[in-house]
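Peer 1: Structure incoming, see below.
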Amino acid sequence: MSSLLIKGGTIVTHEESFKADILCKGNKIVELGDISVLPKDVETIDATGKLIMPGGIDPHTHMQLPFMGTVAKDDFASGTVAALAGGTTTIIDFVIPNPQQSLLDAYHQWRDWAKKAHSNYTFHVAITWWDDTVAEEMNILVRDHGVNSFKHFMAYKNAIMATDDILVSSFTKCLELGAIPTVHAENGELVYHLQNKLISEGMTGPEAHPLSRPSSVEGEAANRAISIANTLGAPIYLVHVSTEEAVDAIRYAKDHGQTVFGEVLAGHLTVDESVYQNPDWATAAAHVMSPPFRPKHHQDALWKGVQAGTLQTTATDHCAFCAEQKAMGKDNFAQIPNGTAGVEERMMVLWEKGVNEGKITMNEFVALTSTNTAKIFNMYPNKGCIRVGADADLVIWNPAATKTISAKTHHSKIEHSIFEGMEIHGVPETTICNGKLAWHDNVILTKSGDGKYIDRPAYAPYYEALRKRKELNKPKAVVR
Ligand SMILES: [Zn+2]
């Protein structure tokens with residue numbers, strides 16, 4: 001079994017920072033501390049002056065997604081190469097069955113596509129329709145396939161939108177299975193109405209995209225999803241929270257004892273809606289994603305949400321469409337494939353705009369980029385953690401190195417980066433995935449297929465808290 005020694009670095013976890021060597025054997029961390037007795041044939045990496053953190057986990061990517069009449073450019077090979085080059089060792093992608101399609105058929109289809117992954121991966125499964133067979137297949141996915149989270153799109157009417165009846169049925173089923181429902185919170189009826197209205201008024205360019213999805217559209221859906229979960233006693237996770245309204249909804253629910261989690265994208269923290277005013281159509285269209293980039297004051301609310309612990313995870317919604325694909329919506333913004341890249345840049349952007357600008361600490365950075373996601377989706381302490389027995393998924397960060405983000409040098413297949421030109425002070429220099437060097441000296445060392453599928457068992461620890469509260473609040477019949 002191969003051994004890897006990381007010598008002389010400072011370990012940074014979500015709760016502490018300390019100097020120690022790390023010995024990895026196979027795909028596990030086997031020793032921490034001042035290591036002087038070395039196994040034979042050990043490969044040594046000198047990490048003097050560098051930081052060693054748990055490998056990043058991006059809980060929201062869409063590699064190779066068939067969407068809006070085309071397929072996302074980054075597949076599980078190029079997308080996970082980009083992830084590793086940015087210090088991310090695990091992605092949680094989405095199986096999205098078509099309405100009426102078997103969940104299991106879709107799941108196996110995505111598993112097949114993901115065989116070429118370089119990094120580790122696992123899947124949320126979307127609930128896009130409902131009947132008894134869907135409920136039964138949710139049982140099977142949780143019991144036999146390591147799925148513990150189900151996604152619901154409250155937008156995309158006439159396609160994959162989950163209406164309230166589906167939310168109620170599916171959240172109830174999630175609760176029964178010890179899984180967590182997640183939601184894309186945007187009111188699909190309002191989006192549909194506004195898209196048609198804007199087009200009829202001649203507003204066909206990308207600048208109409210944010211107008212079709214104002215912040216109230218997200219605020220309404222966030223409140224509705226949270227209220228439904230609260231009524232049923234289910235936990236809930238909101239993906240890509242982008243507005244002050246949604247942050248407020250989560251905070252209010254948490255203050256009232258509800259188990260609610262919020263995710264924020266690196267893009268929403270740093271890019272604002274002025275991008276849609278760009279006179280160059282292709283540049284404006286390259287930023288079309290949902291929810292859209294927002295007026296600046298929402299960014300302040302998102303950062304405060306991050307600092308307060310209202311938002312616990314950071315993601316990218318990496319769904320890469322090239323200029324040619326975006327041009328499908330040349331005459332109608334509603335037909336521009338929704339999505340931007342970012343899986344490679346997420347941690348660097350959070351480091352630069354969060355840690356370097358003094359908004360978050362290094363330990364909070366680790367929590368936000370890895371540990372919290374591992375906990376919520378029940379991969380902790382194998383992932384998101386540096387301790388003996390944990391998986392050897394690590395990133396060695398050089399706080400003294402610098403880099404300028406550019407589409408010219410990124411690993412995504414598309415020709416645009418929403419973070420173009422951003423200067424980063426502190427970069428992921430070496431990424432270790434499954435105990436092996438995956439990214440080192442600016443070179444990818446993994447092969448397609450080296451990534452492992454991660455089983456995520458049901459009943460994450462917060463389920464015990466939910467169980468206790470349910471017991472405490474159990475209704476009692478009046479004895480007459
Ligand atoms: Zn998404």
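The values are calculated or read from the model by the stated rules, or taken from the named source; none is laboratory data. Predicted model only: the values in this text are computed from it and were never measured. Cβ sites come from the backbone with ideal geometry, for glycine too, and all protein chains shown count toward neighbours. Surface areas here come from the heavy atoms of the whole protein model, side chains and all, with no ligands, DNA or RNA. Shrake-Rupley method; radii C 1.70, N 1.55, O 1.52, S 1.80 Å.
Peer 1: Under 14 Å from the 7 Å Cα→Cβ point of LYS28, by amide nitrogen: which residues of the range 369-413?
Peer 2: Counting backbone N atoms under 14 Å from the label point, the list is 381-383, 387-393.
Peer 1: Between ASN187 and residues 5 or more places away or on another chain, which pairs have amide H atoms under 5 Å apart, with H built 1.01 Å from N, and which residues are they?
Peer 2: Under 5 Å from the amide H of ASN187 lie the amide H atoms of GLU218, ALA221, each far enough along the sequence or on another chain.
Peer 1: Only Cα pairs under 8 Å and at least 6 apart count here; give the relative contact order of the chain as a rounded whole percent.
Peer 2: Relative contact order of the chain: 22 percent.
Peer 1: Can you pull the one-decimal nm distance between simple spin-label points at THR48 and ASN398, each 7 Å off the Cα toward Cβ?
Peer 2: Label-label distance for THR48 and ASN398, simple model: 1.5 nm.
Peer 1: Round to the nearest 0.05 the FRET efficiency obtained for HIS193 and ALA323 when R0 = 41 Å and r is the Cβ-Cβ distance.
Peer 2: 0.90
Peer 1: Next question, about the same structure. Among HIS60, TRP110, GLY9, which residue has its Cα furthest toward the positive end of the charge dipole of the range 1-122, with +1 on Lys/Arg Cβ and -1 on Asp/Glu Cβ?
Peer 2: The one lying farthest along the dipole's positive direction is TRP110.
Peer 1: Right, something else. Please report the net charge: other residues with Cβ closer than 13 Å to the Cβ of HIS240, K and R +1, D and E -1. Display every interim value, and only then the final one.
Peer 2: Details: positive: LYS151, ARG213, ARG294, ARG346; negative: ASP58, GLU186, GLU218, GLU263, ASP317.
Taking every other residue near HIS240 into account, the sum is -1.
Peer 1: When a/c reaches 1.5 or more, the comparison of a/b and b/c decides; with that in mind, is the range 370-431 rounded, prolate or oblate per its Cα gyration tensor?
Peer 2: Note, shape of the range 370-431 comes out prolate.
Peer 1: Also, I was wondering about something else. Within the range 208-282, report the trypsin sites (Lys or Arg not before Pro) that DSSP leaves as loop and that have at most 11 other Cβ atoms within 10 Å.
Peer 2: Values: sites: ARG224, ARG251, LYS254; in loops: none.
Here no trypsin sites (Lys or Arg not before Pro) fit, given the DSSP loop and packing criteria.
Peer 1: For the chain, which span is the longest to avoid every loop-located (per DSSP) member of GluC sites (Glu not before Pro) having at most 13 other Cβ atoms inside 10 Å?
Peer 2: Between exposed loop sites, the widest span is 17-200.
Peer 1: Given a 1.4 Å probe and every protein chain left where it sits, what share in percent of the accessible area of the chain is carbon and sulfur?
Peer 2: Result for the chain: 52 percent of the exposed heavy-atom area is carbon or sulfur.
Peer 1: Please check which bits of the range 372-415 a label hung off HIS440 would reach, taking the label as a point 7 Å along Cα-to-C-beta and the cut-off as backbone N under 18 Å.
Peer 2: So the set is 392-398.
Peer 1: If you take the square roots of the eigenvalues of the alpha-carbon gyration tensor of the range 1-66 and sort them as a ≥ b ≥ c, do you get rounded (a/c under 1.5), prolate (a/b over b/c) or oblate?
Peer 2: Since a/c reaches 1.5 but b/c is at least a/b, the shape of the range 1-66 is classed as oblate.
Peer 1: Let me ask something else. Between GLN100 and VAL37, take the C-beta separation as r, use R0 = 45 Å, and let me know the FRET efficiency to the nearest 0.05. Please report the intermediate quantities before stating the final value.
Peer 2: Numbers: r = 61 Å, r/R0 = 1.35.
Working from the Cβ atoms, E equals 0.15.
Peer 1: By DSSP, what percent of the beta bridges with both residues in the chain are antiparallel, rounded to the nearest 5?
Peer 2: Rounded to the nearest five, the antiparallel share is 45 percent.
Peer 1: From zero outward in steps of 10 Å, how is the percent of C-alpha pairs of the range 245-371 spread across the bins?
Peer 2: 12, 39, 31, 15, 2
Peer 1: Still on this structure: Just check the range 229-316 against the gyration tensor rule for me: Cα atoms, a ≥ b ≥ c as the square roots of the eigenvalues, rounded for a/c under 1.5, and otherwise prolate or oblate depending on whether a/b exceeds b/c.
Peer 2: Because a/c hits 1.5 or more and a/b exceeds b/c, the range 229-316 counts as prolate.
Peer 1: Additional query: How much FRET efficiency would the formula 1/(1 + (r/R0)^6) give for ARG387 and TYR462, where r is the Cβ-Cβ distance and R0 is 22 Å, rounded to 0.05? Can you show the working numbers first?
Peer 2: Values: r = 21 Å, r/R0 = 0.95.
Efficiency for this residue pair is about 0.55.
Peer 1: May I pose another question? Report the paramagnetic label zone for GLU415: residues of the range 56-94 whose backbone N is under 16 Å from a point 7 Å from Cα along the Cα-to-Cβ axis.
Peer 2: Counting only backbone N, you get 73-74.
Peer 1: Next question, about the same structure. Simple spin-label model, 7 Å along Cα-to-Cβ: SER274 to VAL478 in nm?
Peer 2: With each label point 7 Å from Cα toward Cβ, the separation is 6.3 nm.
Peer 1: What list of ³J(HN,Hα) couplings, whole Hz, do you get for the range 432-447 from phi and the Karplus terms 6.51, -1.76, 1.60, once you set θ to phi - 60° and write x for glycine and proline?
Peer 2: Karplus-based 3J(HN,Hα) across the range 432-447 equals 10, 10, 6, x, 10, 5, 10, 9, 7, 6, 6, 10, 7, 10, 7, 10 Hz.
Peer 1: Note the full-extension length gain between MET203 and ASP112 as 0.36 nm times their separation in residues minus their Cα-Cα distance, in nm to one decimal. Walk me through the numbers on the way to the answer.
Peer 2: Values: separation 91, 0.36 × 91 = 32.76 nm, distance 4.09 nm.
In short, 28.7 nm is gained.
Peer 1: Okay, next question. What spacing in nm lies between the two simple spin-label points modelled at SER406 and ASP164, each 7 Å away from Cα in the Cβ direction?
Peer 2: About 5.3 nm, to one decimal.
Peer 1: If you average the alpha carbon positions of the range 443-480 and of the range 291-370, how far apart do those two centres end up, in angstrom?
Peer 2: Between the Cα centre of the range 443-480 and that of the range 291-370, the gap is 26 Å.
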